[in-house]
1. Kindly write out, for region 81-98 in residue order, the coupling ³J(HN,Hα) from the Karplus curve 6.51 cos²θ - 1.76 cosθ + 1.60 (θ = phi - 60°), rounded to whole Hz, with x marking Gly and Pro.
2. Using 1/(1 + (r/R0)^6) with R0 = 25 angstrom and r between the beta carbons of Phe166 and Asp80, what's the FRET efficiency to the nearest 0.05?
3. Can you list residues from other chains, or at least 5 along the same chain, whose modelled amide H is less than 5 Å from the amide H of Asp64?
Amino acid sequence: MQSNGKTRCDCPTCSRSDQGQTWRQKSPLILLFCLLALAAKPAAAGSVFFTPAGSQLDGDSILDIDTLPGSTIVFTIALDPSGVSLSGPFDRFVVDYSLAWDKGELDNGDSHGSISGLASDFKLDGTFLQGPVDYSFTVLNPVNDGSPDFKLTIDHISAHQDASPFTNLDVTNQFSPNSQIVEVQSSPEPGSLALLGIAAFPLLGLIRRRRA
Ligand SMILES: [Ca+2]
């Protein structure tokens, strides 16, 4: 129903005070309601992650590590339990995780796996306590092909109390996200770009002379 340019709601559930309010007038209240609803959600979860996480160097969605063949990358896997809520005293977290990497681009001296493709290249199941764990890799042939070269997947996380009564609580759902990926790639060095420019300059002159 329209009255003085304002949309009125005649629905019986609306109170009298709501009558005559436009959507423009109501929208701040709706926004406030949405913000309160978001604030009422559980706090951010804990995380298991690796560093270096890389940064975005190209157009795809995977973060990148700019490196060179022969370089060493040490991936450190760590656990951040902030945001995890435990109902009782617990001594430690136990994390079951998997690592996978592209064996054509990264090498850690292990010869497991013979199938090409990231997921089947090599998998290492590990369990560690709360401290960080390092994995060292030699960079072989870093290619910017838009596919992950190193991936961490969280399979299961439990909180343990070692003293009696022994307790083992599954807290996997309190950790997010359950995987992390990064790509290794090699950008041309500024020196080689300059050399490329110097080499291209006489060629450009030759093309111009031929056109003239
Ligand atoms: Ca990328």
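What follows draws every value from the coordinates through simple rules; no lab data is involved. In this text the structure is predicted, and so the values were computed from the model without any measurement. No Cβ is skipped: glycine too gets one built from the backbone with ideal geometry, and neighbour counts run over all protein chains shown.
1. Running phi through 6.51 cos²θ - 1.76 cosθ + 1.60 with θ = phi - 60° gives x, 5, x, 8, 10, 10, 7, x, x, 10, 8, 6, 9, 10, 10, 9, 9, 10 Hz.
2. For Phe166 and Asp80, the calculated efficiency is 0.50.
3. Ser55, Gln56, Leu57, Glu183
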